[in-house]
Amino acid sequence: MSFTRQVSFVVLLLVVVSAVVFSSQILVTNQRGQYQIKQAAIAGTMSVRMAPGMYGRWFGAIDTWNKAETFYFTSEYDGAGDVAEDRSMEVRFNDGSLTYISGTARITMPTGEQDAINLIIKEGYRSYRDLEQKMILPTVRNALRSTANLMSARESYSEKRLDFINWARDQIQNGLYSTEEITRKVTDIVSGEQVIRTFKRIKRNEATGEPVYLFNPMAGLGIRISNFEIKTFNYAEKVQEQIAAQQEALMAVETARARAKEAEQKAITVEAEGKADVMRVKYEKEQSKIAAVVLAEQGLEVARLERQAAEETRQRDILLGQGEAERKRLVMAADGALAQKLETFEKIQGQWAAAYAQRNVPQLVMGAGADGGTDRATMDFSQAMQLLVAKQLGLDLSIPAGAGVAKQPRQ
């Protein structure tokens, strides 16, 4: 082997060995779910690699950050990324009760290259763990303590539990609330007496009603906290006993109030039912009265109509009677009541004739007349009776002269 070839082989061998030894300083790979901040080897220029893949390192310094992390403040191991130690946070409520709160939050790192660079250059955080201890942990702890100062332990246990979670989340994201003290008279839930107490409340913008915030340490860093969750409120044993006693007393008060309300409602119901009964009876009486008045009015109307009908009938009968009388008068004047007189004459003649026919007649009559046996006395009696009745009735039974003789025609 010639000298030249030997030198070439040594150089190639050195290149291969150097490439193997220094490959990690020449090329680097950014994994998905991460971003890398590179500081150039000579110029010191800072750059950020957000997209996954391989790129040239060229002996520059590389800091690798996860794009999102889970922040744990739990009392026991709670999953990957957590540590097996008690990291719950101590808070004290405005009634002096001590409590330990456990939970988690999702931390999203900056998505802009300049924000990612500023975390290192301006803020001086070298890693996420450094950022967690110096920024995330104090921010969450201050938000929890500020929220606890706005209520009592019992309130966080019952009616203000949701407020606690919402207020803590809001302060973590936007900064601590500015607060103000107020003094007001309240009713002690145990004794029921009126007492004067001082409370802190959130100061709000008078125009918008929005909370007034103090300085937000995470403003402008491009960090977002989401999925904030409080898992447990670990109250001290004495606090739990106090809360239990307060809850029991409150329940007793509420029960007493409920019973009082129930009794009051029953009294109102009884009174309302009594009034309803009175009104119902009154209504029924009024209905009966109205019905009686209606019936009386109907009776009066019927009587009035009957009187009118009777009057109309009377007037009709008078008119009919007057008409009939006038008719009869006219008939009487016309023929002298000849039909009635003849009818009467006929009845009288029939009656005496019938009576006369019933007389006792002797079986043998002596001295009969020349007319072949006609009883002359009977004939005389018959004629006498006819004349008598005719005279009494004013009848003229004679035939006027010339009656039945035909008129002679003129010569």
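Quick notes
- Single residue of the range 80-107 satisfying the filter (within 24 Å of Tyr125 (Cβ to Cβ) and in a loop (DSSP other than H, G, I, E, B)) that is modelled with the highest pLDDT: Arg87
- Matching residues, the range 135-153, being more than 46 Å from the chain's Cα centre (by Cα) and buried (at least 18 other Cβ atoms within 10 Å of the Cβ): Met135, Ile136, Thr139
- Per this entry, Met135 is not counted among residues that are in a loop (DSSP other than H, G, I, E, B), in the same structural domain as Asn227 (by TED's automatic domain parsing) and modelled with pLDDT under 95.
- The one condition in (1) outside the structural domain of Val140 (by TED's automatic domain parsing); (2) at pLDDT below 90 that Lys203 fails to fulfil: (2)
- Flag for Tyr128 being among the aromatic types (Phe, Trp, Tyr) and within 19 Å of Arg87 (Cα to Cα): yes
The values are calculated or read from the model by the stated rules, or taken from the named source; none is laboratory data. Source: prediction; values computed, not measured. So basically every Cβ, Gly included, is an ideal-geometry build from the backbone, and we count neighbours across all protein chains shown.
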